[in-house]
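Below: one structure, written as structure tokens.
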Amino acid sequence: MLPGCKTREIAASKDGGAKTLVFSDDFERAELGDAWRRGEGEGGSGRWEIKEGWLHASDIKNDPLWWIGQLPDDARVEFDAQSLSDAGDLKVEIFGDRKKHESGYILIFGGWRNALDVIARLDEHGKDRKAQRSRKVTPNKTHHFVIERRGTTITWWVDDEELMSFEDSAPLRGQGHRGFAFNDWTAPVKFDNLAVYRLD
């Protein structure tokens, strides 16, 4: 079993259904370890690194940090996130190929200098993305993210309030669409307390 990985039955998902924890990581160590791999984006000069129990990044330029495990088709992902500047720009990728940026869905809270919240499919600038005026990332505040997919719907909560949902009539599933990654453009950000669940 990979470091940081635990499997157990737990009570309920956001809508009350059963869920099973398949992976967790609290980043309480010095090195990333074998559960994580840097992917391909635009070749940022920054590093993914652990400091004081958090996963830190800046100037990554969309080189995602992929968990090497595989998401279930119906899954829930939870984690904590902070932006260390007014830029906001807290970004993750889900149901990607565990290699490249924009190979799945991209979720961005406070993107474009804290102006937009976005769920995008394969292209964060695409015409089919869903975007809204941002509810705003608060610098240095720990925001709690919950992302679930059930069937054709992705639902995203931030700090226990539903932020957005995205309906996809042709959902990205199966091989090539089982990855989860943290990501970053240039803003200094950090992440912690990742938990990945299978929704039963």
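When each pair of different Cα atoms in the stretch 110-200 is counted once in the 1/r mean, what is the Kirkwood radius in angstroms, to one decimal?
Hydrodynamic radius (Kirkwood, Cα only) of the stretch 110-200 equals 14.7 Å.
GNM remark for the chain: springs join alpha carbons under 10 Å apart, and the peak mean-square fluctuation among A181, A35, A170 falls on A170. Taking 7 Å steps out from each Cα toward its Cβ at D200 and E40 produces label points 3.9 nm apart. Summing +1 for each Lys or Arg and -1 for each Asp or Glu among the other residues whose beta-carbon sits under 12 angstrom from that of L71 gives +1. In plain terms, the chain from E52 to S165 could stretch by 37.4 nm, reckoned as 0.36 nm per residue minus the Cα-Cα distance. Coordinate range of the alpha-carbon atoms in the stretch 84-157 per principal axis, descending: 32, 24, 23 Å. The relative contact order of the chain, computed from alpha carbon pairs under 8 Å that lie at least 6 residues apart in sequence, is 30 percent. Scaled against 2.2 N^0.38 Å for its residue count N, the alpha carbon radius of gyration of the chain is 0.93. With the simple spin-label model, which puts each label point 7 Å out from Cα in the Cβ direction, the T153 to K141 separation comes to 2.7 nm. Cβ-to-Cβ counts within 10 Å put E49, E28, E148 in ascending order as E28, E49, E148, the fewest first. Taking every alpha-carbon pair under 8 Å whose residues sit at least 6 apart, the stretch 74-185 reaches a relative contact order of 32 percent.
Bear in mind that the values in this text are calculations on the coordinates, not laboratory data. In this text the structure is predicted, and so the values were computed from the model without any measurement. Don't worry about glycine lacking a Cβ; one is built from the backbone with ideal geometry, like all the others, and counts go over all protein chains shown.
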